[in-house]
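First comes the structure, then the notes that go with it.
The values are calculated or read from the model by the stated rules, or taken from the named source; none is laboratory data. This one's a predicted model, so the numbers in the text were calculated from it and none came from an experiment. Cβ placement follows ideal geometry from the backbone for every residue including glycine, while neighbour counts extend to all protein chains displayed.
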Amino acid sequence: MPRFILSLLFVLTLTVSYAQKLQLTELTTEYQRNPIGIDITTPRFSWKLSSPARDVMQTAYEVRVSNDDKSKSVVWQSGRVTSDQSVFIAYSGAPLKATQRYRWQARAWDNKGNAAPWSEVQFFEMGLLKPTDWTANWIEPAIPGDSVNSPSPMLRRTFDIKKSIASARLYITAHGLYESFINGKRVGNQYLTPGWTSYNKRLQYQTYDVTTLLRNGSNATGVLLGDGWYRGNLAWGGLKNIYGKTLGILYQLEITYTDGSKEVIASDDKWKASTGAIRRAGIYYGEAYDARLEKKGWAETGYSDADWQGVNILSGGKENILAAYGPPVRKHETFKPVKIFKTPKGQTVVDFGQNLVGWITLRVKGDAGDKVTVRHAEVLDKDKNVYLENLRAAEAEVVYTLKGGGEEVYEPHFSFFGFRYAWVEGFPGTLTADNISATALYSDMTPTGNFSCSNALVNQLQHNIQWGQKGNFVDVPTDCPQRDERLGWTGDAQVFCRTATYNMNVAPFFNKWLKDIAADQRSDGAVPFVIPNVLGDNASASTGWADVAVIIPWNIYQAFGDRRILENQYESMKAWVNFMESKSKNDLWNTGFHFGDWLFYRPFDDNDGRSAVTDKYLIAQCFWAHSTQLLLNAAQVLGKTEDIQHYTAQLKKIKEAFIKEYTTSSGRLVSGTQTAYVLALNFDMLPEELRAQAAQRLAQNVKDYGNHLTTGFLGTPYLCHVLTRFGYTDVAYDLLLQQEYPSWLYPVKMGATTIWERWDGMKPDSTFQTPGMNSFNHYAYGAIGDWMYRTVAGVQESAAGYKQSRIAPEPATGKLTQATAELQTMYGLIRSSWKIDNGIYTLDVQVPPNTTAEVVLPRAAQQRVTEQKAELTAAKFTSEKQGENLKLKLGSGVYHFEYNWQ
Ligand code: BGC
């Protein structure tokens, strides 16, 4: 075959294979793969592009959606759209129908002339969209004396299926927590359902595909209920029955038969009620389970419920019901005992090696009536005995009474525990590692980021931050998981949010919680301290806490490019900013109660004013400005012209008032604390000409405290960012690597496996801070993670969602020799990995397709830089010197830079 035919064929195969290699991957609907039971009527489609080539940009896309039934009729076809948008493409076809299943596909074209083929078929299924879609009614167990802390109600009914089933969906929610069963099998793998929302305003239902659990002939279903957040003890002062006194369910099982007909098995008067083995279950209490009272086969056919009670049918109660949005709570890592030992007090204790949130699983053999009690502790005291005082009024125990007659396996249902140690009493025989394990429970967020470096303590700090996030993202972002609190503290969530966006895809999680913020926000715009709000309307409007309503929507938009979160939250954001304006006088907001820079550094017996007390109204003015700025940003994204004008003017006045009220003519602030300077600098409160001296004062203050931070909850998240921004990155590294109290590494040195509430939760002599408020699993101080990703490893967004990113690691000589961060963005993986070795600096970078990046090579301006061992040429890279650094513009691809480190 003549040579030129051969080479023609070769080029042809090459182009075809290249073309073939442009593909759409990881297609999602509203962040999920093939979701069922959604009630978003304009769901948004996203995908990632994959291509071996560099500099790949999408130039056009097409989406098609059709009914996923025999008709396969098309309900929306976008046609070829010239656009590089590949995330959050909103459905805009014919109105979507309740319970209808739809299939969709997408394809795209790139700037290299390649056409990606239609993607694999995806689907999404709508849930129940309006109150009238619910034909079921609320039912409540008619159990005499049922009330909070009484035995868990059980509900059951039977039904017959006479035709062959095509599919079946269970739509269910409850007042209280529920677990449901069909023919003895547990439905789904979600826990603590229906989750925690502001129930009277927003109550989620879940949807399960139960097709395989049903059978022809007789069937049975059962639902177990627990007090949960609905009526259980919450907060303090004996608060209970917050949302209602009686538990209940709304249960709608929709069966579609192969002949196309449908049948609904609903919560109605055919249900029966009783109680069983769960004698008491509460979020703080834990669970008492008496296996002798188990009702074997209660959720199966052939079980006699003759002596069961009936149910009460309620009308209404469906207006506030909505489809669950966000990651359900699921089981994750399982831990085996790393050690089982006796304490000096003779307590039998299991060490799981990690302070986690979840529960234990017991495997035990013994006599009927034997009682095993398990208590959960985060730490041991200085004498190595179990320490429970910091749980305060939370019993946090499991009491399991054996039924005897063989091995029994038990795990709780309606509570969760924050613990590393399990103190086991009454175990029949010798407790071994086969008898007990621990399971972590948390919202099933997709992990997205990892950070590591050449310092083992800093790596442990990253580990502790991630486990703090796992332990406190249990359907709502809580302050802590172990004591009689575990509330959705707003301040903690806002300071930690940006770090959280690196470690996991928290967008759906916060999408859901932010709607509760808006729901519980006061009509005058004040935002409560905790969400869902269980502390009353007066517990609202603290600066730094209430700003969650503005800061988190903006952070999520920045990290994921999710414009709809700004659309959804805009009125709530504006209401908070307007609240501050309404409380201000002469452009100063200096009234009302504020937590201030919570848990700032305060030495014991401070006689000479070493405590870092920052004026709370100075802080309030700073956050007023910050929230106004972020609201302005959101108004710009959403094109709210009028608001842009108003808030631009407002912001100017806020800052002018700040300077007049809180700064001296030489630029000194009325509070000389690190937090005061950090907030004033981070939020640009000071005019340009006063900033450098203010930053110098901050750096000097760090030195004055012996290279220690003194910041509390509000100053800590921004401290290192401000030091870096004003050229004190080495000081920031000193703080990161500081191992003495107060610092991030001191707890690590003391053996922490999560983030502590206080800088000195455990003192160097192993005694503890006050038990009244001393959690060893509080993520607020984990906000340093953001600086580790952003500055140490250098991964930053420069356009929302990392459509454009900035890779600008700032190594400081003699501090670390290596750091790596990986972040799975909505577009794909970003990777930054640098190393200083033998005087050579190397940087490996990965930029996902359909995005671009700016890379800053530190101290490279005067160096001979190579990429993949080849000299950097202008032909290949647009570069610009920036002081001693070299800035490059990159398209997608994998890169390796190298040069002398001087
Ligand atoms: C919580 C904190 C919260 C603080 C506000 C504490 O009880 O644990 O997380 O931010 O109160 O005062």
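Of all residues in the range 558-575, which are surrounded by 24 or more Cβ atoms within 10 Å (Cβ to Cβ) and not polar (S, T, N, Q)?
Ala559, Phe560, Asp562, Met573
Taking the range 380-401 as the region of interest, how many residues are surrounded by fewer than 24 Cβ atoms within 10 Å (Cβ to Cβ), touching a strand residue (DSSP E or B) at 6+ places or on another chain (Cβ under 6 Å), under 19 Å from Ala288 (Cα atoms) and hydrophobic (A, V, I, L, M, F, W, C)?
Within the range 380-401, residues that are surrounded by fewer than 24 Cβ atoms within 10 Å (Cβ to Cβ), touching a strand residue (DSSP E or B) at 6+ places or on another chain (Cβ under 6 Å), under 19 Å from Ala288 (Cα atoms) and hydrophobic (A, V, I, L, M, F, W, C) number 2.
Among residues belonging to the range 519-534 that are of a type outside the set (Gly, Ala, Ser) and more than 16 Å from the ligand (Cβ to nearest atom), point out the one that is farthest from Asn450 (Cα to Cα). Give the derivation first.
Of the residues in the range 519-534, the ones of a type outside the set (Gly, Ala, Ser) are 520-522, 524, 527-534.
Applying the additional criterion that residues be more than 16 Å from the ligand (Cβ to nearest atom) yields 520-522, 524.
On the way: Asp520: 34, Gln521: 35, Arg522: 38, Asp524: 41 Å.
This residue is Asp524.
Does the range 631-653 include one or more residues that are under 26 Å from Leu690 (Cα atoms), in contact with a helix residue (DSSP H, G or I) (Cβ under 6 Å, 6 or more places away or on another chain) and within 16 Å of the ligand (Cβ to nearest atom)?
no
Return only the number of the condition from (1) surrounded by fewer than 18 Cβ atoms within 10 Å (Cβ to Cβ); (2) away from the ligand (no atom under 16 Å from the Cβ) that Arg602 does not satisfy.
Of (1) surrounded by fewer than 18 Cβ atoms within 10 Å (Cβ to Cβ); (2) away from the ligand (no atom under 16 Å from the Cβ), only one is false for Arg602: (2).
Is it the case, given these coordinates, that Thr212 is among the hydroxyl-bearing types (Ser, Thr, Tyr), at pLDDT 95 or above and assigned to a helix (DSSP H, G or I)? Give the steps one after another, and end with the answer.
On the way: among the hydroxyl-bearing types (Ser, Thr, Tyr): yes; at pLDDT 95 or above: yes; assigned to a helix (DSSP H, G or I): yes.
So Thr212 passes the test.
Find the residue count for the range 773-794, including only residues that are of a type in the set (Gly, Ala, Ser) and either modelled with pLDDT under 95 or within 11 Å of the ligand (Cβ to nearest atom) (or both). Lay out the reasoning, then the answer.
Looking only at the range 773-794, we keep the residues that are of a type in the set (Gly, Ala, Ser), and these are 775, 780, 782-783, 785, 793-794.
Remaining after also requiring either modelled with pLDDT under 95 or within 11 Å of the ligand (Cβ to nearest atom) (or both): 775, 780.
Within the range 773-794, residues that are of a type in the set (Gly, Ala, Ser) and either modelled with pLDDT under 95 or within 11 Å of the ligand (Cβ to nearest atom) (or both) number 2.
Return the total of residues in the range 478-512 being near the ligand (Cβ under 10 Å from one of its atoms) and among the aromatic types (Phe, Trp, Tyr).
Count: 1.
What's the total number of residues in the range 89-133 that are assigned to a loop (DSSP other than H, G, I, E, B) and surrounded by fewer than 21 Cβ atoms within 10 Å (Cβ to Cβ)?
Of all residues in the range 89-133, those assigned to a loop (DSSP other than H, G, I, E, B) come to 91-100, 111-114, 116-121, 127-130.
If we keep only those that are surrounded by fewer than 21 Cβ atoms within 10 Å (Cβ to Cβ) too, we end up with 92-95, 97-100, 111-114, 117-121, 129-130.
Qualifying residue count, the range 89-133: 19.
Taking the range 209-267 as the region of interest, how many residues are of a type in the set (S, T, N, Q), touching a residue at least 60 places away in the same chain (Cβ under 8 Å) and either surrounded by 13 or more Cβ atoms within 10 Å (Cβ to Cβ) or touching a helix residue (DSSP H, G or I) at 6+ places or on another chain (Cβ under 9 Å) (or both)?
Taking the range 209-267 first, the residues of a type in the set (S, T, N, Q) are 211-212, 216, 218-219, 221, 233, 241, 246, 252, 256, 258, 261, 267.
Then keep just the ones that are touching a residue at least 60 places away in the same chain (Cβ under 8 Å); that gives 218-219, 221, 233, 241, 246, 252, 256, 258, 261, 267.
Next, only the ones that are either surrounded by 13 or more Cβ atoms within 10 Å (Cβ to Cβ) or touching a helix residue (DSSP H, G or I) at 6+ places or on another chain (Cβ under 9 Å) (or both) stay: 218-219, 221, 233, 241, 246, 252, 256, 267.
Residues meeting the conditions: 9.
Would you please list the contacts, defined by Cβ atoms under 8 Å and residues six or more apart or on different chains, that run from a residue in the range 763-784 that is without any contact (Cβ under 8 Å) to a residue 60 or more places away in the chain to a residue that is away from the ligand (no atom under 13 Å from the Cβ) and of a type in the set (Asp, Glu)?
Going by the 8 Å Cβ cut-off, the qualifying pairs are Gln769/Asp760.
Residues that are polar (S, T, N, Q): find the strands (runs of 3 or more DSSP E) completely inside the range 298-401 holding 1 or more of those. Step through it out loud before you land on a result.
Numbers: elements: 311-313, 321-323, 329-335, 339-342, 348-364, 371-377, 397-401.
Once the strands (runs of 3 or more DSSP E) in the range 298-401 are filtered for at least 1 residues that are polar (S, T, N, Q), what remains is 311-313, 329-335, 348-364, 371-377, 397-401.
Name the single residue that is farthest from the ligand (Cβ to nearest atom) among those in the range 463-472 being within 19 Å of His376 (Cβ to Cβ) and under 11 Å from the mean Cα position of the chain (by Cα).
Lys470
Would you check which residues across the range 701-753 are within 16 Å of the ligand (Cβ to nearest atom) and β-branched (Val, Ile, Thr) and list them?
Selection gives Thr711, Thr716.
Taking the range 647-696 only, how many residues are modelled with pLDDT under 95 and over 21 Å from Asp587 (Cα atoms)?
Initial filter on the range 647-696 (modelled with pLDDT under 95): 664-667.
Those left that are additionally over 21 Å from Asp587 (Cα atoms): 666.
Number of matching residues: 1.
Could you identify the single residue in Arg691, Arg758 that is touching a residue at least 24 places away in the same chain (Cβ under 8 Å), within 23 Å of Lys470 (Cβ to Cβ) and of a type in the set (D, E, K, R)? Give the steps one after another, and end with the answer.
Numbers: Arg691 fails: within 23 Å of Lys470 (Cβ to Cβ).
Answer to the check: Arg758.
Only one of Asp516, Asp444, Asp475, Asp537 is acidic (Asp, Glu), under 26 Å from Asn568 (Cα atoms), more than 16 Å from the ligand (Cβ to nearest atom) and over 17 Å from the mean Cα position of the chain (by Cα). Can you tell me which? Talk me through it step by step, then tell me what you get.
Details: Asp516 fails: over 17 Å from the mean Cα position of the chain (by Cα); Asp444 fails: over 17 Å from the mean Cα position of the chain (by Cα); Asp475 fails: over 17 Å from the mean Cα position of the chain (by Cα).
The unique qualifying residue is Asp537.
Kindly evaluate Leu224 against the criterion of being modelled with pLDDT of 95 or more and closer than 23 Å to Phe417 by Cα. Quick ask: steps written out before the conclusion?
Values: modelled with pLDDT of 95 or more: yes; closer than 23 Å to Phe417 by Cα: yes.
For Leu224, the condition - modelled with pLDDT of 95 or more and closer than 23 Å to Phe417 by Cα - is met.
With the requirement that a residue be in a loop (DSSP other than H, G, I, E, B) and more than 15 Å from Gly782 (Cα to Cα), what does the range 739-765 give you? Walk me through how you get there before you give the answer.
Of all residues in the range 739-765, those in a loop (DSSP other than H, G, I, E, B) come to 739-744, 750-761, 763-765.
Within the range 739-765, Gln739, Glu740, Tyr741, Met750, Gly751, Lys763, Pro764, Asp765 qualify.
Write out, first by first residue and then by second, each pair whose Cβ atoms fall under 8 Å of each other, whose residues are 6+ apart or on separate chains, and whose first residue, in the range 595-607, is under 29 Å from Thr490 (Cβ atoms) and touching a residue at least 40 places away in the same chain (Cβ under 8 Å) while the second is more than 16 Å from the ligand (Cβ to nearest atom) and among the hydroxyl-bearing types (Ser, Thr, Tyr).
Correct list of pairs: Asp597/Thr673; Phe600/Ser611; Phe600/Thr673; Phe600/Thr710; Tyr601/Ser611; Tyr601/Tyr705; Tyr601/Thr710.
Scan the range 312-321 for residues that are surrounded by fewer than 18 Cβ atoms within 10 Å (Cβ to Cβ) and either of a type in the set (Lys, Arg) or in contact with a strand residue (DSSP E or B) (Cβ under 6 Å, 6 or more places away or on another chain) (or both) and jot them down.
Of everything in the range 312-321, those that are surrounded by fewer than 18 Cβ atoms within 10 Å (Cβ to Cβ) and either of a type in the set (Lys, Arg) or in contact with a strand residue (DSSP E or B) (Cβ under 6 Å, 6 or more places away or on another chain) (or both) turn out to be Asn312, Ile313, Asn320.
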